[in-house]
Amino acid sequence: MTPVTCIEDLRALARRRVPRMFYDYVDTGSWTQSTYRANEADFQQLKFRQRVAVDIGQRSTRSTMAGQAVAMPVALAPTGMAGLQHADGEILAARAAERFGVPFTLSTASICSIEDVAAHTHAPFWFQLYVMRDRDFVVRLIERARAAACSALVLTLDLQIQGQRHQDIKNGLSVPPRFTPSSLWAMLSRPRWCAGMLGTPRRNFGNIIGHAKGVNSVAGVAEWTLRQFDPALNWNDVAWIRRLWDGKLILKGVQDAEDAQLALASGADAIVVSNHGGRQLDGAPSSIAALPAIVEAVGERIEVHMDGGIRSGQDVLRARALGARGTYIGRAFLYGLGALGEAGVTRTLEILHKELDLSMAFCGHTDINAVDRSILLPRT
Ligand SMILES: Cc1cc2nc3c(=O)[nH]c(=O)nc-3n(C[C@H](O)[C@H](O)[C@H](O)COP(=O)(O)O)c2cc1C
């Protein structure tokens, strides 16, 4: 096999190894995909200032995110159904993150359950909460996250309703997969993936089955989940969750300076500037374009994180330069997972780390915490 040297190599390999409907589920955005594309493309507009003859012998990318020490300011973003990119996907990704020293965030819509991930890892992970109409279920989820010693709660605010990804509809994406001739072919043409899936019991929404009222059968879970996203979610609910969870609270999906002020007032510990990876409001600005106004609006009063479009360590550095204390990767680690399982996620992290470290050094810096906007050239 030719060596994997960049995230694009992992994407290409994942495309060959993951059945089409699950690969497309990852590698698409909503409607025209303009925001999905802008997330990546807008990073390229930011040019670095190279410096020379600076002593760059000793360097560190160590930092903190929401009070937690991190080997570099990159966390694994919550992604639904990661366990369908590769058998036991969430457990494998959490292990890779733990070994590397970065946070892993488990989605409410994961395949492996909170308890299962906790049983197969040592380091505390973060839990991402979707607020469902069934508030008793939400309370129980929070209690389960606490019992599993999750060290932060990431509350997603931008999925009260769902953007449409055309390809998921065309592919007939469903959990568990519906067996039509084309879906069967998509799976059977990926024998390595099939072998993994046949060898694991984890093939459905682990946090929901047996936990949500009236959802005990495999078949009803996906419909329940779709029906349950609560369009009524508002800042009073955020205040309610703030009262229920006394650990670190991170609000994900903020794109607007006014919302950032409201997030600050809610008593949260951090916000994530995010457009859900271009999967919700198509036509919204890229996350990296939205970041500076939000940083300006809240200053140092709340930690600002960002995600969307990060495909290299240079992108992490650009985000840091524009004021993001931390970043998250979604697709970059999912490609690694689909391509090579746990080793692929580790490879993703190694690639990003090396690119971040060297690019920081080219800009004349030796400590990621000292990087600021001055490493970027003014826009022409
Ligand atoms: C396949 C996929 C599933 C996702 N599922 C969730 C989820 O369950 N909860 C959530 O808060 N965000 C979810 N997201 C959004 C990510 O957390 C993150 O915001 C986004 O992936 C960042 O963009 P990137 O993929 O370009 O790095 C998902 C993203 C993808 C690609």
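The numbers here are math on the coordinates, done by the rules we state, and not lab data. It should be emphasised that the depicted structure is a prediction, and the values quoted were computed from it without experimental measurement. Every residue, glycine among them, receives a Cβ derived from its backbone with ideal geometry; neighbour counts consider all protein chains shown.
How many of the residues making up segment 232-257 are more than 22 Å from the chain's Cα centre (by Cα) and in contact (Cβ under 8 Å) with a residue 24 or more places away in the chain?
Number of matching residues: 5.
To keep it simple, each residue is scored yes or no on (1) assigned to a strand (DSSP E or B); (2) out of contact with any strand residue (DSSP E or B) (no Cβ under 7 Å at 6 or more places or on another chain).
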position: Thr327; (1), (2): yes, no
position: Leu334; (1), (2): no, yes
position: Gly338; (1), (2): no, yes
position: Ala343; (1), (2): no, yes
position: Thr346; (1), (2): no, yes
position: His353; (1), (2): no, yes
position: Asn369; (1), (2): no, no
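Is it the case, given these coordinates, that Gly80 is surrounded by fewer than 24 Cβ atoms within 10 Å (Cβ to Cβ) and either within 13 Å of the ligand (Cβ to nearest atom) or of a type in the set (Val, Ile, Thr) (or both)? So Gly80 fits the description; yes. Residues that are closer than 21 Å to Asp42 by Cβ, within 16 Å of the ligand (Cβ to nearest atom) and not hydrophobic (A, V, I, L, M, F, W, C) within segment 324-347 comprise Gly326, Thr327, Tyr328, Gly330, Arg331, Tyr335, listed in sequence order. Please indicate, with yes or no, whether at least one residue in segment 4-21 is hydrophobic (A, V, I, L, M, F, W, C), under 15 Å from the mean Cα position of the chain (by Cα) and crowded, with 24+ Cβ neighbours inside 10 Å. No - not one qualifying residue is present in segment 4-21. The single condition among (1) of a type outside the set (Asp, Glu); (2) touching a Leu at 6+ places or on another chain (Cβ under 7 Å); (3) surrounded by fewer than 18 Cβ atoms within 10 Å (Cβ to Cβ) that Trp240 does not satisfy is (2).
The single condition among (1) part of a helix (DSSP H, G or I); (2) within 12 Å of the ligand (Cβ to nearest atom); (3) more than 18 Å from Leu340 (Cα to Cα) that Gln128 does not meet is (1).
Mind listing whichever residues of segment 179-219 are closer than 20 Å to Gly89 by Cα and loosely packed, with under 12 Cβ neighbours inside 10 Å? Correct list: Leu188, Pro191, Ala195, Leu198, Gly199, Pro201.
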